[in-house]
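Bear in mind these aren't lab numbers, they're just calculated from the coordinates by the rules spelled out. Owing to the predicted nature of the structure, the values given are computational and were not obtained by experimental measurement. Note that each Cβ is placed from the backbone with ideal geometry, even for glycine, and that neighbours are counted across all protein chains shown.
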Amino acid sequence: MISGVVVKPLKQFPDERGKVMHMVRSTDEVFEKFGEIYFSTCNPNAVKAWKLHKKKTSIYCVVAGDAKIVLHDMREESESRGKTTEIKAGESNYILVKIPPGVAHGFKCISNKSAMIANLASEPYDSADNFDIEAEKINYTW
């Protein structure tokens, strides 16, 4: 696993009416602070990659469908620099993934229906901290 990345199983509480799906509480170890939360949808077989933040921590949770989240450590000082990690998440594996600053990330929908990814970010959107990374810089085949 990439240094600083956290993968945590999450609880769901289903009943005949539907279900409640937990994500993050302010008392959880993975929680740093609230910047914003947003949702991203991804169509079947589509890829959304690569993003990098130097300040922001992201906590991803796939709340519908299934996605493959891929992380690549680009931090100069990291013991896992250059390492790539794949994590399957969603309805079939309900987890959260905490992505620290300096780790490039992207995802691909691997279900037959669109995936919806919630992102709890530690900072509000800031274009100065939002970097698109060219695929050629990361040796990964989706």
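See the values below:
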| item | result |
| --- | --- |
| Out-of-range pairs (alpha-carbon distance over 18 Å; input Lys8/Lys88; Lys55/Lys137; Lys56/Lys98) | Lys55/Lys137 |
| Full-stretch length increase - Leu10, Asn112 - with 0.36 nm per residue and alpha-carbon distance subtracted | 34.5 nm |
| Normalised per residue, the volume of the convex hull around the Cα set of the chain (Å³) | 113 |
| Highest-MSF residue in the chain out of Gly18, Gly82, Gly35 [GNM, Cα springs under 10 Å] | Gly18 |
| Isolated Cys residues of the chain, judged by Cβ distance under 4.7 Å to other cysteines | Cys61 |
| Rounded FRET efficiency, nearest 0.05, which uses the C-beta distance separating Arg81 from Ala128 and R0 of 41 Å | 0.95 |
| The range 41-91 - Rg over Rh from alpha carbon coordinates, Kirkwood radius | 1.00 |
| Calculated FRET value between Lys19 and Asn43, using beta carbons and R₀ = 25 Å, to 0.05 | 0.55 |
| Whichever aspartates and glutamates have a C-alpha closer than 14 Å to that of Lys83, once near sequence neighbours (fewer than 8 apart) are set aside | Asp73 |
